[in-house]
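Below you'll find the structure I mean.
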Amino acid sequence: MAKQVVFSGIQPTGDIHIGNYLGALRNWVRLQDDYDTIYCIVDLHALTIPQDPTEFEADRLRAAKMVIAAGVDPTTSLFYYQSQVPQHTELSWILGTLTQLGALNRMTQFKEKADQAGENLGLYSYPVLMAADILIHHAHKVPVGDDQTQHLELARDLAGRFNRRFGDEFPVPEGIIPEHGARIMSLQDPTSKMSKSDPNLGSRILLLDDPDTVRKKIGRAVTDSGSGIEYDWDNKPGITNLLEILSLFTDTAVDALVEEHHDKQYGAFKQLVAEAVVDGLAPIRSAYSSLEDAEVSRLMNKGALDARSSAEKYQVGVREKLGLTGH
Ligand code: TRP
């Protein structure tokens, strides 16, 4: 039987941090073993907030390199820049004609981003393009962080709507939202999610942070009053977040870690977490530094070529169903 298709995307804005890694990227890598995996740098989505073209070009390449350094193998996965595969935007337009404004009005991320960056039509229809990203490849599974569930729901809804109206075309995609790691919190405010756009750099650890920076950021992480290493999001969100990070980087269950470190001082515990993060990031840092820009660009162009031809095969069927075949 053919393998199921996994699709996911990441924006090339801001540097990728351990929240992105533990919540999504790491799972992208693992899914390569069991699925046909397709991953995308969603540069068109990033244009919904203003970008400086020169910096944007560099950001895109850096994001691609980080994804590869983190373990996505472009010879195993289909990996490319969204803007190089125009079928995404074609399908997005078509899906837009099936999207009710009410559904877009309910999107919480639109409201947040519109408040920050000003609203525009692209930002409003962002979830429709995301649905197109997923459906263009007939994806079955979509690994994402928990802030994407509302967008995913729209993709499912649009797949069903299209199928009912025009005949079966799209599988209805399901999210893969990890039980742990989907919400790594800010080191400076453990009640809000670690975010690329937080102005406070101490709030997040970047994949390429050097060991001393990692140690400093974790050393300064906000902890909780009292003492004791306990897993308790309500009363000890700072320590709980660090426990979560330690658990994911060491592949050890939180319970076992609590048992082992229960009586440690916060300071000693933070040191331990810092070393686990440093160790976990070391192979990524070293893979990143050995990647050549020109080679990565070549791989991305090749990825786009392959993605165009596989997307086009499906798009032919979509056009036929809509009466757009020209005969
Ligand atoms: N909206 C996603 C995010 O911000 C990125 C994204 C765009 C995506 N298209 C996608 C994720 C398709 C999964 C599938 O994280």
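For region 100-132, give me each residue that is small (Gly, Ala, Ser), surrounded by 20 or more Cβ atoms within 10 Å (Cβ to Cβ) and touching a residue at least 40 places away in the same chain (Cβ under 8 Å).
Ala132
Checking Glu55 against (1) away from the ligand (no atom under 13 Å from the Cβ); (2) part of a helix (DSSP H, G or I); (3) open to solvent by 20 Å² or more (accessible area, probe 1.4 Å); (4) touching a residue at least 12 places away in the same chain (Cβ under 8 Å), which single condition isn't satisfied?
Unmet for Glu55, out of (1) away from the ligand (no atom under 13 Å from the Cβ); (2) part of a helix (DSSP H, G or I); (3) open to solvent by 20 Å² or more (accessible area, probe 1.4 Å); (4) touching a residue at least 12 places away in the same chain (Cβ under 8 Å): (4).
Quick one: which helices (runs of 4 or more DSSP H) lie wholly within region 80-140 and hold at least 1 residues that are at negative phi and within 11 Å of the ligand (Cβ to nearest atom)?
87-96, 108-117, 121-136
From the set of residues in region 229-263 that are out of contact with any Ser or Thr (no Cβ under 8 Å at 6 or more places or on another chain), within 17 Å of Arg26 (Cβ to Cβ) and among the hydrophobic types (A, V, I, L, M, F, W, C), which is most open to solvent (accessible area, probe 1.4 Å)?
Filtering region 229-263 for residues that are out of contact with any Ser or Thr (no Cβ under 8 Å at 6 or more places or on another chain), within 17 Å of Arg26 (Cβ to Cβ) and among the hydrophobic types (A, V, I, L, M, F, W, C), the one most open to solvent (accessible area, probe 1.4 Å) comes out as Phe249.
Right, next: If I go through region 209-262 residue by residue, how many of them are in contact with a His (Cβ under 8 Å, 6 or more places away or on another chain) and among the β-branched types (Val, Ile, Thr)?
Of the residues in that region, 2 qualify.
Looking at (1) touching a strand residue (DSSP E or B) at 6+ places or on another chain (Cβ under 7 Å); (2) surrounded by 20 or more Cβ atoms within 10 Å (Cβ to Cβ), which is the one condition that is false for Asp306?
(2)
Then there is this: When region 38-52 is examined, which residues are found to be more than 14 Å from the chain's Cα centre (by Cα) and open to solvent by less than 80 Å² (accessible area, probe 1.4 Å)?
Listed by number, the residues that qualify are Leu44, Thr48, Ile49, Gln51, Asp52.
The values are calculated or read from the model by the stated rules, or taken from the named source; none is laboratory data. None of these values were measured; they are calculated from a predicted model. Note: ideal-geometry Cβ built from the backbone for every residue, glycine included; neighbour counts use all protein chains shown. Just the protein is used for accessible areas: all its heavy atoms, side chains included, with ligands, DNA and RNA removed. Shrake-Rupley method; radii C 1.70, N 1.55, O 1.52, S 1.80 Å.
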